[in-house]
């Protein structure tokens, strides 16, 4: 065989393989029959192609394409199974079972919702199950004595499968993107209660749409989880129209966030599960000696996690240290990889461990520094100083997120765009707060929270009971 004469044939075969692969990826989620034909066509091309005259060169590329084809075939099989399991779930008889879906960490609204349901399960005559995001979460929930599905679907027993298919209610506080590919389909027939994770001034859900270059399976999956829900939980009746911009749901329940309940009580041992206990203890010790805990909790930036390196944390740390105060920094998981770059230069700063529950610590903070995060609304419950720090505002609104911030016509605290000005405010005894800021906080709290009593989880249990009744699983007479 002559290499120069055969190489064009090989190259043509490879080009055909590439073309078939692109077609396969483009239509994988739309036309399963066409995909099978494409796979068969690629196999035929592979079988018909001449052996390469140059050992190893085209073969490695062909093997890589074969591997990718096998991955796509496997994904196709999972997608088909998911559609079928969803159908099974919708026709399966339901029982008094509620499944609480964990996020990437044990916290947020779903943690406190599950804790309340777990504590009251026997009295309510229901089973409160937790669907973990990973194995560590499974261990944590099990240690609390809770009913928990295995993190790995391979470890599920027939009893676990029956429980999931029998669930009358599923409770989430984020997009339902559990790593178990069969979890959402197996729970598709349950009444879906969405808690979400905060009052937002950012465009989210169905209004968080990127440019055409981002179109693809991941975006489609995220958008598909924006409803329809049986009930979406909110904090105020006035917010319903806003939520309907972002999500699809039947009913709206303005009952408050379960995670805010811990701001109205001393945290219990269960509340502290999944928290950074070291940070909480450092904060408590600081307060005990009469000093302040300044919590800096910014939200994340899309595609710019390095922004925090230029935010001027060294100036904030220096200002806090001069007054004997403690600066605690809670970075979003997207930015948490920057901690090893920052921590060595800021020895007096406490960086909250990534993917831990912030809310017991939030209740200890003397003041909050944030930017666009929903945590600023939660912090209104304790009525303490808020300082807004937006050092990259123009870049944020142009390249990260659009704002839907009409609700912040009155700011709950002073706004700073550079670290030096914020550092000066942190040195002040009043933290640059005015009566106008205090009045704005009071008005915002009254406008965006119909309840200020720490009873949101108890109200949620009544919502879940109502959804049980809608599923035909009301309390026994």
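General remarks:
- Among the residues here, residue 474 qualifies as within 30 Å of residue 126 (Cα to Cα), surrounded by 13 or more Cβ atoms within 10 Å (Cβ to Cβ) and without any contact (Cβ under 8 Å) to a residue 24 or more places away in the chain.
Rundown of residues vs (1) closer than 23 Å to residue 300 by Cβ; (2) modelled with pLDDT under 95; (3) part of a loop (DSSP other than H, G, I, E, B); (4) more than 17 Å from the chain's Cα centre (by Cα), yes/no style:
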| site | (1), (2), (3), (4) |
| --- | --- |
| 317 | yes, no, no, yes |
| 332 | yes, yes, yes, no |
| 338 | yes, yes, no, yes |
| 347 | no, yes, yes, yes |
| 361 | yes, no, no, yes |
| 365 | yes, no, yes, yes |
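- Tally, over the stretch 58-78, of residues that are touching a helix residue (DSSP H, G or I) at 6+ places or on another chain (Cβ under 8 Å) and in contact (Cβ under 8 Å) with a residue 24 or more places away in the chain: 9
- All conditions but one from (1) without any contact (Cβ under 8 Å) to a residue 60 or more places away in the chain; (2) more than 21 Å from residue 424 (Cβ to Cβ) apply to residue 384; the one that does not is (2).
- Test: residue in the stretch 428-438 that is farther than 17 Å from residue 319 by Cα and assigned to a loop (DSSP other than H, G, I, E, B): yes
- In the stretch 396-427, the residues that are out of contact with any helix residue (DSSP H, G or I) (no Cβ under 8 Å at 6 or more places or on another chain), under 21 Å from residue 325 (Cα atoms) and in a helix (DSSP H, G or I): 421, 425
- Residues of the stretch 289-309 that are in contact (Cβ under 8 Å) with a residue 40 or more places away in the chain, outside any loop (DSSP other than H, G, I, E, B) and closer than 22 Å to residue 202 by Cβ: 295, 296, 307.
- For residue 420, the test of being crowded, with 20+ Cβ neighbours inside 10 Å and at pLDDT 95 or above is failed.
- Residue 239 meets the stated requirement of being in a helix (DSSP H, G or I), farther than 30 Å from residue 337 by Cβ, in contact with a helix residue (DSSP H, G or I) (Cβ under 7 Å, 6 or more places away or on another chain) and not assigned by TED's automatic domain parsing to the domain that holds residue 376.
- Any hit, the stretch 267-274, residues being under 26 Å from residue 353 (Cα atoms), surrounded by fewer than 13 Cβ atoms within 10 Å (Cβ to Cβ) and more than 19 Å from the chain's Cα centre (by Cα): yes
- All positions within the stretch 335-351 that are touching a helix residue (DSSP H, G or I) at 6+ places or on another chain (Cβ under 8 Å) and loosely packed, with under 12 Cβ neighbours inside 10 Å: 341, 345, 348
- Matching option when the condition is touching a strand residue (DSSP E or B) at 6+ places or on another chain (Cβ under 9 Å), within 24 Å of residue 473 (Cβ to Cβ), in the same structural domain as residue 249 (by TED's automatic domain parsing) and assigned to a helix (DSSP H, G or I), among 170, 99, 141: 141
The values are calculated or read from the model by the stated rules, or taken from the named source; none is laboratory data. Every value quoted in this text rests on a predicted model; they were computed, and no experiment measured them. Because the Cβ atoms are built from the backbone with ideal geometry, glycine has one as well, and the counts that use them run over all protein chains shown.
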